[in-house]
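Novice: Questions regarding the structure given below will be posed in turn.
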Amino acid sequence: MSTSPTIRCGDQIRTHDEVKMRAARLATALAELGVGHGDRYAIVMRNSVEYVEASLAGAAIGAIPVPVNWHWTHDDLDYLLADSGSKVVISHTDLLPNVEAVLRDGVSVVEASVPDDVAAAYGMPRPHLTGRHPDLESLIEQSPPVTTPNSDPPLGVIYTSGTTGTPKGIVRQPVPPEDAQRLGQLVLEVLAFGGARSSMIPAPIYHTAPNTHAVFAVALGFNLEIMPRFDAEELLHLVADRRIEHIQMVPIMFSRLLQLPEGTRTKSDLSSLRSVVHAAAPCPPGIKRAMIDWFGPIINEYYGGSETGATVVCSSQEWLEHPGTVGRPLTGVEIKILDDGVEVPTGDIGEIYMKPPSVWPDFTYLGNDQKRRDMEHDGFLTVGDIGHVDEDGFLYLSDRRNDMVNSAGVNIYPAEIESCIHTLPGIQDVAVFGIPDKDYGEALACHAELMDGATIGVDDIREHVRRHLAGYKVPKVVVIDERLPREDTGKLFKRRLKEQYWKAQRGF
């Protein structure tokens, strides 16, 4: 029996050796479809072992995978495929209609069958192959493997989520061989593996962190469990059944776990867990403290951007000693807080600028290098977050620059108001943002999603904010939504909520 580590997703299980061989065969197939060195190909797939194989295939021929958020709208997908210039789209069968609707001349499609357990996770019957395009499995079976892999493979193009604006394609330089080992060590440190050799990805692999996690798991020889779709109770079951040692999560998953009945939460043996790491979205302090109380001091966090990579890390103990922090800079990372290009005193709020580790590959935005230059100041990069650093060097986030609201000349940070509203029992999720106001320029709007059975009203939310914050931070407009538009990472699509207000003002 092979001792090669495995990748498992639902009922699918393959050794790393099998995955690498299938990726090498797929690389040949992509080359025959016209994908060459430096060319891009898009992946529109749900979580599956085939997704990892598709991600790895490009490296063998120097091609660049473009993971696609299959939740995106028709217009978003049309924009991404055109902007990326992808020559081939690999798509699961059930996602084909959206792909075909925006397909341009000269772009080939590879159709991937949806595994039974993946279809079941989404409550749909397994769709049959349409036969309109070459199917992934046949291409892999019929193609010989690439035997001379490209020696300098480029990295994938990751598109920002577009939660506050148009998504941007992030193009990275290849990793020089002399930096590969140090970069691998950095990933281990950031993801807080802590000696673990088995890990779980419960989030969609099209996102930056899970995608990086999956690729490095293969490179570093870890056993990897991929959930077809996140389900809180199933996650606990898998940890106990597969003796999972490490999980990468996002805060919204913590909330779902904590909402499980007490009996469900306590029946699973979680003793194998050595580390849980989270990022991607702010974690309400009450949620994080509850997770540390439940799982123990193994909850770790990192902060950075898709552009900068992780730059700051935080252990449970550090967070307990500095509640609300996202941590301190990694070795070799520098953080500055600037206001109009001038560094502010310790403790003052400003825009966060980061100098990433030297081994982290540089990047630009696809087709927009000027945008890349605009975010840099004396070698430091910003992703638009606002925050401060305390006297011990710990970083705290206040909000995003694009989310900050200026009402009658006063800067208001919606994240502070969201954190306040999150403490109101019965609140599931909340988004606070600026809307046009004829008297003040901008006013505050709040859209809230309630937990099942909660009976919170609009006035309850306003009064709760009024009791805890200054009067000018009480939202003028409060709406209770059945469900807020949210990325799987936990990031709210505030752009979609804002648009309805600003378009109404512009008359369209």
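A short reminder: the numbers here are calculations on the coordinates, not readings from a lab. These numbers were taken from a predicted model, which means no experiment stands behind them. Cβ atoms come from the backbone with ideal geometry, glycine included; neighbour counts cover every protein chain shown.
Novice: How many percent of DSSP beta bridges within the range 183-401 run antiparallel, rounded to 5?
Specialist: Around 65 percent of the beta bridges assigned by DSSP in the range 183-401 are antiparallel ones.
Novice: Past 29 Å, Cα to Cα, is the threshold; run K20/K288; K336/K476; K267/K288 against it and keep the listed order.
Specialist: Those over the limit are K20/K288; K336/K476.
Novice: Taking 0.36 nm per residue of sequence separation and subtracting the Cα-Cα distance, how much length would be gained by fully extending the chain between Q259 and D17, in nm to one decimal?
Specialist: 83.2 nm
Novice: Compute the separation of the alpha-carbon centres of the range 216-236 and the range 373-401 and state it in Å as a whole number.
Specialist: 31 Å
Novice: Using DSSP loop states and a limit of at most 15 other Cβ atoms within 10 Å to flag trypsin sites (Lys or Arg not before Pro), what is the longest stretch of the chain containing no flagged site?
Specialist: Answer from the scan: 268-437.
Novice: Using alpha-carbon pairs under 8 Å, 6+ residues apart, how would you state the relative contact order of the chain in percent?
Specialist: Result for the chain is 11 percent.
Novice: Along Cα→Cβ, 7 Å out, is where each label goes; now give me the distance between the ones at T147 and R182 in nm to one decimal.
Specialist: Taking the simple label geometry, T147 and R182 are separated by 3.7 nm.
Novice: What are the ³J(HN,Hα) values, in whole Hz, obtained from phi via the Karplus relation 6.51 cos²θ - 1.76 cosθ + 1.60 with θ = phi - 60°, for each residue of the range 121-133 in sequence order, with x given for Gly and Pro?
Specialist: Once θ is set to phi - 60°, the couplings for the range 121-133 become 4, 9, x, 10, x, 5, x, 7, 4, 7, x, 7, 9 Hz.
Novice: On to the next question. For the range 83-89, what does the Karplus curve 6.51 cos²θ - 1.76 cosθ + 1.60, with θ = phi - 60°, yield as ³J(HN,Hα) per residue in whole Hz, taken in order and with x for Gly and Pro?
Specialist: In residue order, the calculated couplings are 5, 7, x, 4, 8, 9, 10 Hz.
Novice: Using alpha carbons only, how many degrees (0 to 90, rounded to 10) separate the axis of helix 208-220 from the longest principal axis of the chain?
Specialist: 40 degrees
Novice: Can I ask one more? Compute the whole-percent fraction of alpha carbon pairs in the range 404-506 spaced more than 18 Å apart.
Specialist: 45 percent
Novice: Here's another thing I want to ask about it. Quick one: of the DSSP bridges fully inside the chain, what percent are antiparallel, nearest 5?
Specialist: 60 percent
Novice: What is the sum of charges, Lys and Arg at +1 and Asp and Glu at -1, for the other residues whose Cβ falls under 12 Å from the Cβ of L96?
Specialist: Net charge in that neighbourhood comes out at -3.
Novice: Can you put W319, W72 in order of Cβ neighbours within 10 angstrom, beginning with the fewest?
Specialist: W72, W319
Novice: Over the range 183-401, what is the mean sequence separation of C-alpha contacts under 8 Å (at least six apart), divided by residue count, expressed as relative contact order in percent?
Specialist: 14 percent
Novice: Still on this structure: Where in the chain is the longest stretch that carries no GluC sites (Glu not before Pro) classed as loop by DSSP and with at most 12 other Cβ atoms within 10 Å?
Specialist: Between exposed loop sites, the widest span is 1-390.
Novice: Need one word for the range 6-154: rounded, prolate or oblate. Basis is the Cα gyration tensor (sqrt eigenvalues a ≥ b ≥ c); a/c below 1.5 gives rounded, then a/b vs b/c decides.
Specialist: oblate
Novice: What angle, in degrees between 0 and 90 and rounded to the nearest 10, separates the Cα long axis of helix 458-468 from the longest principal axis of the Cα atoms of the chain?
Specialist: The two axes meet at around 70 degrees.
Novice: Percent relative contact order of the range 22-99, based on C-alpha pairs within less than 8 angstrom and at least six residues apart?
Specialist: Relative CO of the range 22-99 lands at 40 percent.
Novice: Order of D83, D459 from fewest to most other C-beta atoms within 10 Å?
Specialist: Listing D83, D459 from fewest to most nearby Cβ atoms yields D459, D83.
Novice: Follow-up question, since we're still on this one. How high is the FRET efficiency between V458 and Q500 when r is their beta carbon distance and R₀ equals 25 Å, given to the nearest 0.05?
Specialist: Efficiency at R0 = 25 Å is approximately 0.90.
Novice: Quick check on the range 404-506: of the DSSP beta bridges with both residues there, what percent are antiparallel, nearest 5%?
Specialist: 75 percent
Novice: Still on this model: Multiplying the sequence separation of L338 and A120 by 0.36 nm and subtracting their Cα-Cα distance, what value in nm do you get?
Specialist: 73.5 nm
Novice: Next question, about the same structure. Convex hull over the alpha-carbon atoms of the chain: what's its volume per residue in Å³?
Specialist: Output value, Cα hull per residue: 164 Å³.
Novice: A further question on this structure: Assuming 0.36 nm per residue, please report the length gained on full extension of the stretch D231 to Q173 beyond their Cα-Cα distance.
Specialist: Taking 0.36 nm per residue and subtracting the Cα distance, the gain is 17.3 nm.
Novice: For the chain, take the longest principal axis of its alpha carbons; what is the angle in degrees between that and the long axis of helix 494-506, to the nearest 10 within 0 to 90?
Specialist: 60 degrees
Novice: Is the range 215-357 best put as rounded, prolate or oblate by its Cα gyration tensor, with a ≥ b ≥ c the root eigenvalues, rounded for a/c under 1.5, and otherwise prolate when a/b is larger than b/c, oblate when not?
Specialist: prolate
Novice: List, in order, the whole-Hz ³J(HN,Hα) value for each residue of the range 266-283 obtained from phi through the Karplus relation with A = 6.51, B = -1.76, C = 1.60 and θ = phi - 60°; use x for Gly and Pro.
Specialist: Coupling constants for the range 266-283: 9, 7, 8, 7, 9, 5, 6, 5, 10, 7, 10, 10, 9, 6, 6, 7, x, 9 Hz.
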